[in-house]
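Note sheet for the following structure.
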Amino acid sequence: MTIADIYTESKNNFLFSDSTNFSSLRNDILTNFDLSPKIRKNNESLKHLDPHVLDFSYKYLKSTNNISYLDNHKEIIDIKVIDGKVSAVQNMNKKNFDLDINNIDNSNLLIEKNFLDFQEYFNNDYILNLNSLMLNSGYEINIGRNQEVNIFISHSISDKELTIFQKNMITCLNDSKVNIIEEFQEDKKSNNNIVNYIDLASGSEVTHLIFQNNKEKSNLQSTSYTNCKTNSKYKQLVLNISKSSSRNHHYSNLIGDNASASLDGIFFGSNNQCIDNKTQINHSSPNCVSSQRYKGILTDQAKASYLSKTFVEKIAQKTEAYQLSKGILLSDNSYFHSKPELRIFADDVKCSHGSTIGPIDKDLLFYLRSRGLNKKESTSLLIKSFFHDIISDVNDENFIEKFHFYSDLWLNENNI
Amino acid sequence: MFLSIKNLSVAIDDKKILDNFSLEMNKGEVHAIMGPNGCGKSTLSNVLAGKEEYEILGGEIIFKDHKLFDLNIEERSQLGIFLAFQYPIEIPGVNITPFLKASLNSKLKKEGKPEVDALSFAKELKKVASELGIKTEMLSRSVNEGFSGGEKKRYEILQMSILKPSLAILDETDSGLDVDAFKTVTQGVNRIKNDQNSFLIITHYQKLLDHIIPDFIHVMKDGKIIKSGDKSIAEQIEEHGYKNI
């Protein structure tokens with residue numbers, strides 16, 4: 001079945017299916033949805049993507065928007081997302097948080113407008129167009145002024161071969177401090193295409209840790225788009241240890257003075273995995289700071305790409321922006337494509353980028369082995385050392401332990 | 001024989017570095033190797049420690065009745081070979097104390113001895129560091145990360161003091177040291193030196209050999225030993241260079 005056939009067959013089940021504006025957008029997307037070999041080769045959203053991601057049969061179980069609420073005396077707000085919708089929330093009432101969590105339905109016109117406004121940034125991105133075309137789920141989280149909250153979001157699906165096309169909206173009002181841990185541990189064959197829009201009001205701070213550990217056939221395309229206003233701080237780390245093909249595209253817009261954003265990523269790839277990474281930070285205000293760091297380890301025939309971009313507008317003087325891309329290749333057939341890009345239109349900025357790709361440093365390995373550690377122990381230490389600068393910025397001990405556990409597991413599973 | 005190197009020829013990138021090199025050492029001896037830059041001193045150290053990118057063209061090395069070329073890098077270390085690196089490498093995120101404990105335990109395990117626990121190891125490490133004038137705060141840092149040149153060399157000596165090797169190779173450990181770091185190095189060697197272990201000291205300077213008295217000095221040129229003798233050779237080199245050797 002073609003994408004057009006799938007759309008026509010299921011169009012009444014999509015979110016905002018009764019909206020004229022959304023229908024018009026969907027028709028535009030469909031009219032321009034050209035997957036010819038030339039487009040697949042040249043379009044940036046397709047050329048680093050696992051092509052199998054586009055071969056799917058649409059299947060979505062329409063479930064209720066009702067959310068069950070529970071308290072279990074923990075400090076963290078625990079949100080269970082099943083099939084793209086919030087099904088349960090724990091501990092929200094404990095401290096009378098000024099917090100609001102809802103599933104999005106067709107009547108939510110403000111959200112619909114926001115989604116349509118965001119669309120203009122992604123017109124050439126086939127995965128995001130597919131997300132808008134087949135949109136079937138999503139939720140909104142609104143965090144009030146001065147709130148300090150820890151949120152844990154676990155994503156899962158209820159049946160095999162489901163296709164989740166989800167858009168979420170997270171709004172953090174002035175001076176809120178929010179820690180979000182998002183977890184994907186899916187073992188059913190599925191395709192998950194998820195877009196998070198995050199809005200940081202003045203003085204708010206968000207730390208967003210994303211743990212991805214999907215099994216072989218559970219593909220994930222994760223996108224985030226963050227707007228950072230004056231004095232706000234957004235810090236994201238994607239730890240991708242999935243065995244499936246994955247896409248992580250994350251964008252931040254610094255739109256107020258003294259805002260900062262960091263988009264970091266760690267990924268491991270083996271077998272025939274295809275890992276498509278992209279980050280972009282747009283500096284649209286003066287005195288903002290940004291950092292983009294992605295590091296990965298690949299073996300077997302695994303392929304990965306990382307495109308990073310810093311865009312500094314003319315108004316964004318005193319910008320400080322940093323980009324780093326590093327890859328370790330453990331086999332002759334693994335492949336890492338890195339493309340750092342700086343586009344600077346202001347004249348008083350500090351911007352830099354660096355990129356290295358290669359095998360494990362033989363001199364480092366020799367040093368550790370010359371102290372009696374075997375090759376496996378030494379490699380494990382060097383891999384932790386490789387990621388150290390990114391991991392040492394994480395304040396969550398459980399997340400760090402998870403990183404150590406899964407990186408060792410990955411090394412064992414791949415006989416390294 | 002404790003260490004016997006016979007007719008060793010080694011190349012890297014098709015360039016011969018060691019050419020029929022031979023050397024014999026007994027237990028408890030200190031041998032110094034001097035020689036101009038590029039004569040093959042560091043290659044010799046690296047080959048003894050097992051660095052893999054060298055091509056062995058011929059010859060053999062026997063250490064404590066083991067053919068060294070049959071052993072990999074870590075097996076040589078576990079057998080008692082320790083190389084103090086000329087340029088110790090920084091490894092961010094690998095903390096000194098657990099790293100060194102793992103290193104010692106790999107050796108103890110090989111020797112069939114019980115492994116050391118974290119608490120008693122930390123105590124011992126602190127004691128040895130203090131004896132060598134190394135600040136305790138250094139022990140909570142990552143391996144060589146942000147260390148000055150002198151600190152890196154001191155840390156090599158601390159590792160040597162903990163691992164108590166039977167053959168320690170010091171590859172220009174004295175180069176670029178201030179007075180205090182120099183003292184740490186010489187004290188460190190003299191502290192563990194006994195009739196059961198041997199030292200192979202590679203240096204450019206007589207000064208080190210005034211503090212660690214060698215039993216033999218060998219002069220290397222073009223990948224082989226061209227002269228061997230006592231401490232007077234070092235004085236001759238200090239005065240006239242390598243021209244008349």
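Need one value for B:89-99: mean number of C-beta atoms belonging to other chains within 10 Å of its residues' C-beta atoms.
Counting Cβ atoms of other protein chains within 10 Å of each residue's Cβ and averaging gives 5.
Quick one: which residues, 5+ away or cross-chain, put their amide H under 5 Å from the amide H of A:ALA321? H built at 1.01 Å from N.
Amide H to amide H, under 5 Å and 5 or more residues apart or across chains, A:ALA321 pairs with A:SER290, A:LYS350, A:CYS351, A:SER352.
Would you mind computing, in nm to one decimal, how far apart the modelled labels at B:LYS193 and A:ASP34 are, each placed 7 Å from Cα along Cα→Cβ?
So the two model labels end up 8.0 nm from each other.
So how far apart, in nm, are the two label points at A:ASP159 and A:GLU341 if each is 7 Å from Cα heading toward Cβ?
4.1
Among A:THR226, A:THR379, A:THR207, determine the one that fluctuates most according to a GNM of chain A built with springs between C-alpha atoms less than 10 Å apart.
Of A:THR226, A:THR379, A:THR207, the Gaussian network model singles out A:THR379 as fluctuating most.
Out of residues 5 or more away from A:ASN196 or on other chains, whose amide H comes under 5 Å of its own, with H placed 1.01 Å from N in the peptide plane?
It is A:ASN168, A:THR223, A:SER224, A:TYR225, by chain and number.
Based on a Kirkwood Rh over C-alpha pairs, give the Stokes-Einstein translational diffusion coefficient of the protein assembly as shown at 10 °C and viscosity 1.306 mPa s in µm²/s.
56
Residue by residue through A:378-385, how many Cβ atoms from other chains fall within 10 Å of the Cβ on average?
Other-chain Cβ atoms within 10 Å of each residue's Cβ, averaged: 4.
Over all directions, the average projected area of the alpha-carbon convex hull for chain B comes to how many nm²?
13.0
Which aspartates and glutamates does A:LYS47 reach when only Cα atoms under 13 Å apart count, and residues fewer than 8 places away in its own chain are ignored?
A:ASP125, A:ASP276
Holding the Cα-Cα limit at 30 Å, pick out from A:LYS235/A:LYS384; B:LYS107/B:LYS153; A:LYS362/B:LYS243 the pairs that are longer than that.
A:LYS362/B:LYS243
Taking only DSSP H segments of four or more residues, each worth -39500 (n - 2.57), what value at 222 nm results for chain A once the sum is divided by all its residues, to the nearest 500 deg cm²/dmol?
Rounded to the nearest 500, the figure is -6500 deg cm²/dmol.
Each residue of the stretch A:163-172 in turn: what ³J(HN,Hα) in whole Hz from Karplus with 6.51, -1.76, 1.60 and θ = phi - 60°, glycine and Pro shown as x?
Karplus-based 3J(HN,Hα) across the stretch A:163-172 equals 10, 9, 10, 10, 10, 10, 10, 10, 10, 10 Hz.
Run the simple label-point estimate for A:LYS215 and A:ASP71 please: 7 Å along Cα→C-beta, distance reported in nm.
Result: 3.7 nm between the two label points.
Relative to the longest principal axis of the C-alpha atoms of chain B, give the angle of the C-alpha long axis of helix B:179-192, reported between 0 and 90° and rounded to the nearest 10°.
On a 0 to 90 degree scale, this one is about 90.
Taking 30 Å as R0, compute the FRET efficiency from the Cβ-Cβ separation of A:LYS318 and A:ASN123 and round it to 0.05.
0.45
What is the stretch A:112-164 by shape, rounded, prolate or oblate, if you read a ≥ b ≥ c off the alpha carbon gyration tensor as root eigenvalues and call it rounded for a/c under 1.5, prolate for a/b larger than b/c, and oblate otherwise?
oblate
Can you grab the distance from the C-alpha centre of the stretch B:5-34 to the C-alpha centre of the stretch A:239-254, Å, no decimals?
Taking the Cα centre of the stretch A:239-254 as reference, the centre of the stretch B:5-34 is 52 Å away.
Is the stretch B:75-176 rounded, prolate or oblate when judged by the Cα gyration tensor, a ≥ b ≥ c being the square roots of its eigenvalues, rounded requiring a/c under 1.5 and prolate requiring a/b larger than b/c?
Since a/c reaches 1.5 but b/c is at least a/b, the shape of the stretch B:75-176 is classed as oblate.
Taking a quarter of the surface of the Cα convex hull of the stretch B:4-130, what do you get in nm²?
9.9
Return the sequence-ordered ³J(HN,Hα) values of the stretch A:367-379 in whole Hz as given by the Karplus equation 6.51 cos²θ - 1.76 cosθ + 1.60 applied to θ = phi - 60°, using x for Gly and Pro.
Coupling constants for the stretch A:367-379: 4, 5, 5, 5, 9, x, 7, 6, 4, 5, 4, 5, 4 Hz.
Where does each of B:35-42, A:324-331, B:115-122 land if you order them by average Cβ count within 10 Å, highest first?
A:324-331, B:35-42, B:115-122
Quick query: amide H of A:GLU148 versus all other amide H atoms, modeled in the peptide plane; which residues come in under 5 Å with a sequence gap of 5 or more or a different chain?
HN-HN under 5 Å from A:GLU148: A:LYS177.
What is the Cα centroid distance between the stretch B:186-245 and the stretch A:36-71, reported in whole angstrom?
70
With angles folded into 0 to 90 degrees, how steeply does helix B:149-163 sit against the dominant principal axis of chain B? Use alpha carbons for both and round to 10.
80
Which semi-axes, in whole Å and largest first, does the equivalent ellipsoid of the stretch A:173-213 have when worked out from the alpha carbon gyration tensor as the square roots of 5 times its eigenvalues?
Working from the Cα gyration tensor, I get semi-axes of 28, 11, 5 Å.
Go ahead and estimate [θ] at 222 nm for chain B from helices alone: -39,500 (n - 2.57) per DSSP H run with n ≥ 4, summed, over the residue count, rounded to 500.
For chain B, the value works out to -11000 deg cm²/dmol.
Largest first, what is the accessible-area ranking of A:LYS309, B:LYS221 with a 1.4 Å probe?
Highest to lowest solvent-accessible surface, that is B:LYS221, A:LYS309.
The values are calculated or read from the model by the stated rules, or taken from the named source; none is laboratory data. Just so it is clear, the model here is predicted, and its values are computed rather than measured. Note: ideal-geometry Cβ built from the backbone for every residue, glycine included; neighbour counts use all protein chains shown. Ligands, DNA and RNA are excluded from the accessible area calculation, which covers all protein heavy atoms including side chains. Shrake-Rupley method; radii C 1.70, N 1.55, O 1.52, S 1.80 Å.
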